[in-house]
Amino acid sequence: MLAPPASIRALAFHRRLPLLRPNHPTLLPHSPGPPPPPPPRPCPAPTRSLMAFSAETAGEEAEEEALPGAAGAGGGGEVSSEEWQRWGTSSPLPTVVASVVRQLLEMESVAGEKMRFGGVGSKLKATPFFLTPLRDPEGDFKDVEDKKHRAVYETLADSDQKLQYYSARQIGCRLLGSRGYLCQKCWLPMEDCMCSKLAPCNLWRGIRFWLYMHPKDFLRQNNTGKLLWQVFGIQAASLCLFGIQEHEDIMWDAFQRSGKEKVSFLYPNKSATPKSVNDLKFDDFTMNAGLQEGGVQHEPLNLVLLDGTWSNSAALYRRLKERWTAIWGEEDIPCISLSMLSASVMHKLRPQPAWDRTCTAAAAAGLLSELHMRPELSAFKLEEQAEAVECSLDILLDALTVRRVRLGRSITRKQRHRRDCI
């Protein structure tokens, strides 16, 4: 029997919030008396969720952020296309995501309790037995819901459908759990929003970035790929979510319009013949991308950035390669590597597994800097565009650091790279 992905266990229905001792995180022992009423709130607050996203690397995702009590995530009803697009995309709401959100809300309605999410990636949190007096005969309420999700997963016909369900559940839980908590532009808690500090910049029309993002990085506070569309706009830096068929079709349709010669993937050491930024081809049509000539639109060079942890990027690369082979019949996809790579400022808070690896936004800035060094591209101010990305990284690091200090959390991280990495 196939085990479902981790997201199958992502939904938590809590009968009641755990009873806490004042100023202490441990549970009170069982008492037959009713729990004390919560203290009155001084003013109304927006609906929030118990979903938290950590600013950690994959190996440290178990750490949680303690959030104050809040209303359930499902208070806003179904996700509209307008709400979906405010998170950083111009695409319609994917059908599979809308379906998963609807299922979650229906289960909430049947349960008669608000959904509550907790931990990094909305991990399932069991309610203590003494706080769940109406115990289901089939087992704990959490276990019953988990069985339902497993049953849905096992009815899916093939691996592609399973991947779509996995991705949609990851995204659906994040959408519901982030309502009223995260800013829809910068993906930071609203009290730490950094949007007013970011300066927009126009990206040269000869290139277009695609952020091929793993669903576990979607709405993650320390994700840096989001900075590209915050700086350049969603048409110049477009989000494509791994495993969401409608998103992937939009991206591959753009590739086919441009032609395979105008598609490159920034991913090191994967092509049979290693290529660098100097190997990218810019013809007259690309140099004049965005202009129309004889009713024909000149298409830009598509540069794809794999946005996820290094362990998840392998899955992203395999899916890209499968689609490339299916469309153009070639096993080798065009990957490029950067010649000069310095450590990102985000290494201070989110260390990489090696010195020769960096975050998504820093990779994009490095790519723009190397393009600027090509004489035929020096007039397009690519160095200024690289600096705009680097500046946004500084702003993100400052926002995350200030938040961690305010919450009493460490702002240094254990270095994960080996000393002999180059």
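Laid out as a table, the results:
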{"item": "Complete set of residues in region 373-387 that are closer than 25 Å to W310 by Cα and open to solvent by less than 20 Å² (accessible area, probe 1.4 Å)", "result": "A386"}
{"item": "Residue match in region 181-203 (condition: part of a helix (DSSP H, G or I), surrounded by 22 or more Cβ atoms within 10 Å (Cβ to Cβ) and at pLDDT below 95)", "result": "no"}
{"item": "Region 356-372: number of residues that are out of contact with any helix residue (DSSP H, G or I) (no Cβ under 8 Å at 6 or more places or on another chain) and either outside the structural domain of L301 (by the TED database) or open to solvent by 20 Å² or more (accessible area, probe 1.4 Å) (or both)", "result": "1"}
{"item": "Residues of region 324-342 classified as buried (at least 16 other Cβ atoms within 10 Å of the Cβ) and either at pLDDT 90 or above or in contact with a Phe, Trp or Tyr (Cβ under 6 Å, 6 or more places away or on another chain) (or both), total", "result": "7"}
{"item": "Identity of the residue in region 309-323, open to solvent by 20 Å² or more (accessible area, probe 1.4 Å) and in contact with an Asp or Glu (Cβ under 9 Å, 6 or more places away or on another chain), that ends up nearest to D253 (Cα to Cα)", "result": "R323"}
{"item": "Residue match in region 86-104 (condition: among the basic types (K, R) and modelled with pLDDT of 90 or more)", "result": "yes"}
{"item": "Among (1) small (G, A, S); (2) closer than 25 Å to A315 by Cα; (3) buried (at least 20 other Cβ atoms within 10 Å of the Cβ), the one test that A157 misses", "result": "(3)"}
{"item": "Residue list for region 85-97, filter: part of a helix (DSSP H, G or I) and surrounded by fewer than 19 Cβ atoms within 10 Å (Cβ to Cβ)", "result": "Q85, R86, T95"}
{"item": "Among (1) surrounded by fewer than 17 Cβ atoms within 10 Å (Cβ to Cβ); (2) within 22 Å of the chain's Cα centre (by Cα); (3) not in a loop (DSSP other than H, G, I, E, B), the one test that Q230 misses", "result": "(1)"}
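The values are calculated or read from the model by the stated rules, or taken from the named source; none is laboratory data. Remember, it's a predicted structure, so these values are computed and weren't measured experimentally. Cβ coordinates were reconstructed from backbone atoms using ideal geometry, including for glycine residues, and neighbour counts include every protein chain displayed. With ligands, DNA and RNA removed, areas are computed over all heavy atoms of the protein, side chains included. Shrake-Rupley method; radii C 1.70, N 1.55, O 1.52, S 1.80 Å.
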